[in-house]
Every structure is written in C-alpha cells, then in structure tokens.
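This report concerns only the one structure given below.
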Amino acid sequence: MLEVKDLWVTYKSRSGIGVSAVRGVDFDIPDNSFLGLVGESGCGKSTLGFGIAGLLDPKRNDVSGKVILDGQDLYTLSKEQLRTLRWEKLSVVLQGGMNAFNPVLKIKQQFIDVMRAHSNQSTSSMVDRIAELLSAVQLDPRIMDSYPHELSGGMKQRTAIALSLVLHPRLVILDEPTTALDVVVQRSIINMLSELQRLQKFSVLFISHDLGLVLEVANRVMVMYSGQIVEDKPASVIMDDAQHPYTKALLGCYVNPHAENVSLKGIPGTPPDLRGGVQGCPFAPRCSFVMDVCFTKTPQLVKCENGLVACHLYRQDEVTVE
Ligand SMILES: Nc1ncnc2c1ncn2[C@@H]1O[C@H](COP(=O)(O)OP(=O)(O)OP(=O)(O)O)[C@@H](O)[C@H]1O
Ligand SMILES: [Mg+2]
C-alpha cells in the first residue's frame, strides 16, 4: 500500500551544512499491518514520518526519493492533491499532537472543519460520526462540546487519534502518541489503538523510542539509527533473532518483566552528528563487534533469514564506499 524508495531528507541550515536526518531509507507497508519504527532520540524517526506524509517544505529542505501511496507518488502531486490525500488516505498524529488542537474551538468544530473540507455531509451526520469516533477511542461523546483545555492529556491524545481516523484513512502515522502520558493511560491507549486497527484494518506506522512498547503492539519492527534502517523484522522474532548490534544493545536496555534475571545495559557513546556525511557504518564507534571495514564501507540493508539487516557481520554481497 505504501512504498518508500531511497528517501533522503536533509534539513538546510544557515551555515550551509545540512543535517541529513533520513539517509537512503527503503521499506514498504502492506495493507492492514501494524509497523513499529524505533530508535534513539534524534535518529530521524519524526523526519521519516514527515517525509512520508509530505509535510516537509521542499524549499527549506532537500528531499529526494519516492513515496508511493496506493500507486501515487506523493512527490509528484500538487499541494491541493496532497491536501486531499492527506486525510483521506493517510493521516498523521504528530509528536505532541495533543497540543495541536486549536485552543479557541470546541472539539466538535475541529472535527467538522476537517470533514467539511473533504465532503458535503449534513451537520447531523457529521455529529453522529464524531460521536462514533469518540466512543471508539473510549471517550464520552459529550466531550465534543468541550474546549481542548478542558480535557486531560490522555483524553486529548485519544481525541487526536479519533480525529486522525475521521475520513477512514488507509494509513495512520502515529509519532510517539503516548510518550507524555503515564504508563497506565499509555497502556490503555495502546490497547485501544491495537483493537481499533484490528477491527478497522487500516495500517499503522507507530513511531516510538520505546522498543518494549512497540514489540507488544506491532507485527513488524524497523530499527532506525542515524537516519538509516538497520534492521527490519517481524516483531515475533526480533526479540530472539536480533542481528544488528544496535538492536541487540537496544534489547539490552529493555526490561522484560517475564525474564528470570533482569540486567540492564546502557549503550555507551552517543550517535554521530548528522551534519555533513557519515562515513562507514554510523554505529561503528559504539559497536562491540566493530571491524576495520565498518569505518570505511556503509553496510546495505540485505535479506537475512527472518527479515533485513544492515551490518558487515552478515554476508554483504554489495557494499558501497561513501
Ligand atoms: N527543522 C529542523 N531543522 C534542522 N534540523 C532538524 C530539524 N528537525 C529535526 N532536525 C534534526 O534532524 C535529526 C532528526 O530529528 P528527528 O526529530 O527526526 O528525530 P527523532 O528520531 O524523531 O527524535 P525524538 O525521538 O527525539 O523525537 C536531529 O539531528 C535533529 O536535530
Ligand atoms: Mg521525533
């Protein structure tokens, strides 16, 4: 349903040195799937989400590659075509999206504004749809008559998810949808989201820095490091069959409450500066398995038994020199 081909995003800066936040990313999202995207803060997850949703201004950023949604290349569409497609086929709940509501409009009005821009429904049928959506995210439909400040953070986040579904999109991109919330609220929102996805069969790209959370809800996980996808595997196998040293290290930071012995390890070092280029494997300076080749050649994402991995430890038929 969605294909991303060799996507590069570089934020331009006044100093002239760009930040290459997404560096040659390839993946696809089939219909009715729940894909998790994990990685440390600053690795480019939100930028990738913006790139897919066509939210990056091409005048201020260098964007190249293809994002093909339902056969249409988003980067060849006009602003108007993109605007239509954005709610109807693809919607986004932005990081901190619960603060994205207009503070002076009631919730109902904010839903109506989106629906009006895309269809000619009567007010009563729009109100019915809003009530249906709010119930689906387990909120009392009467909150549609509230202003955003009258809702708690968790309620606003549920409302943002309900709004993203208003026009039945096929893909919803959720960027850290529960990060600012306490764990109990987080859990109930995640369960609600997973149930909704199962029933309504849209696809989800779930962006999070929390691998444990992603493993519980997603059916496939992509691990991102320094603007690149380093591993892409079904969620059911990545726990036991992580191959990339970064994924293994991330798993070492995750507390499995079912494990007999819990030991936590941090990942020493910091991610590379994304200004300018990165030579070789970006994880090399922090990797416990580093080899000479890692500093000179960028490992490509290649097929392995259960998915894809980008690491010189595994057979690389093709390597490129940067
Ligand atoms: N508008 C911008 N202009 C310049 N650089 C930016 C801009 N937005 C993000 N960046 C840089 O791009 C890189 C990736 O940022 P991004 O927000 O995509 O990371 P992230 O993985 O979503 O992080 P987090 O987990 O903290 O949300 C970072 O180095 C960041 O400093
Ligand atoms: Mg982010």
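The values are calculated or read from the model by the stated rules, or taken from the named source; none is laboratory data. If you're wondering where the values come from, they're calculated on a predicted model, not measured in any experiment. Note that each Cβ is placed from the backbone with ideal geometry, even for glycine, and that neighbours are counted across all protein chains shown. The area values use the complete protein model at the heavy-atom level, side chains included, leaving out ligands, DNA and RNA. Shrake-Rupley method; radii C 1.70, N 1.55, O 1.52, S 1.80 Å.
The residue list Asp73, Asp57, Asp31 contains one member that is open to solvent by less than 40 Å² (accessible area, probe 1.4 Å) and of a type outside the set (A, V, I, L, M, F, W, C), which is Asp73. Tallying residues that are farther than 30 Å from Val67 by Cβ and of a type in the set (Lys, Arg) within region 146-187 yields 1. Of all residue pairs spaced 6 or more apart or on separate chains, those with beta-carbon atoms under 7 Å, a first member in region 101-116 that is within 18 Å of Arg129 (Cα to Cα) and a second member that is among the aromatic types (Phe, Trp, Tyr) are Lys106/Tyr147; Gln110/Phe101; Val114/Trp87. Exactly one residue out of Lys248, Lys233 is more than 16 Å from ligand 1 (Cβ to nearest atom), within 29 Å of Thr10 (Cα to Cα), among the charged types (D, E, K, R) and not in a helix (DSSP H, G or I), and it is Lys233. Taken over region 56-67, the criterion of being away from ligand 1 (no atom under 11 Å from the Cβ) and of a type outside the set (D, E, K, R) is satisfied by Pro58, Val63, Ser64, Gly65, Val67. Candidates are the residues of region 60-70 that are surrounded by fewer than 16 Cβ atoms within 10 Å (Cβ to Cβ) and out of contact with any Asp or Glu (no Cβ under 8 Å at 6 or more places or on another chain); the one that is farthest from Gly227 (Cα to Cα) is Asp70. Taken over region 96-113, residues that are within 30 Å of Leu48 (Cβ to Cβ) and buried (at least 18 other Cβ atoms within 10 Å of the Cβ) amount to 6. Scanning region 1-28 for residues that are in a strand (DSSP E or B) and open to solvent by 60 Å² or more (accessible area, probe 1.4 Å) returns Glu3, Lys5, Asp6, Trp8, Tyr11, Asp26, Asp28. Taking each residue of region 175-198 that is within 16 Å of ligand 2 (Cβ to nearest atom) and open to solvent by less than 10 Å² (accessible area, probe 1.4 Å) and looking for partners that are modelled with pLDDT of 85 or more and in a loop (DSSP other than H, G, I, E, B) with beta-carbon atoms closer than 8 Å, six or more apart or interchain, yields Asp175/Leu94. Apart from one condition, Ser46 fits all of (1) closer than 30 Å to Leu199 by Cβ; (2) more than 16 Å from ligand 2 (Cβ to nearest atom); (3) open to solvent by 10 Å² or more (accessible area, probe 1.4 Å); the exception is (2). When Glu88 is tested against (1) within 16 Å of ligand 2 (Cβ to nearest atom); (2) closer than 30 Å to Tyr147 by Cβ, only condition (1) is not met. Among the residues of region 140-154, are any away from ligand 1 (no atom under 16 Å from the Cβ), among the aromatic types (Phe, Trp, Tyr) and surrounded by 20 or more Cβ atoms within 10 Å (Cβ to Cβ)? No, region 140-154 has no match at all. When restricted to residues that are farther than 25 Å from His168 by Cβ and within 14 Å of ligand 1 (Cβ to nearest atom), region 26-44 contains 7.
Screening Thr47 on (1) more than 8 Å from ligand 1 (Cβ to nearest atom); (2) at pLDDT 95 or above; (3) not hydrophobic (A, V, I, L, M, F, W, C) shows it passes everything except condition (1). When the residues of region 199-219 are filtered to those that are surrounded by fewer than 20 Cβ atoms within 10 Å (Cβ to Cβ) and in contact (Cβ under 8 Å) with a residue 40 or more places away in the chain, the one that is farthest from Lys156 (Cα to Cα) is Asn219. Take region 66-109 and flag every residue that is part of a helix (DSSP H, G or I) and farther than 23 Å from Leu56 by Cα. If the condition is that a residue be part of a helix (DSSP H, G or I) and farther than 23 Å from Leu56 by Cα, then Ile107, Lys108, Gln109 are the ones that fit. Filtering region 68-99 to residues that are within 20 Å of Val204 (Cα to Cα) and hydrophobic (A, V, I, L, M, F, W, C) leaves Ile68, Leu69, Leu74, Leu82, Leu85, Trp87, Leu90, Val92, Val93, Leu94, Met98.
Of Asp31, Asp6, Asp57, Asp62, all but one fail to be closer than 29 Å to Leu199 by Cα and of a type outside the set (Lys, Arg); the exception is Asp31.
Quick one: which of Ser64, Ser20, Ser15, Ser33 is within 20 Å of Cys281 (Cβ to Cβ) and hydroxyl-bearing (Ser, Thr, Tyr)?
The unique qualifying residue is Ser20.
Looking across region 217-227, just one residue is out of contact with any helix residue (DSSP H, G or I) (no Cβ under 7 Å at 6 or more places or on another chain) and more than 12 Å from ligand 1 (Cβ to nearest atom), and that is Met222.
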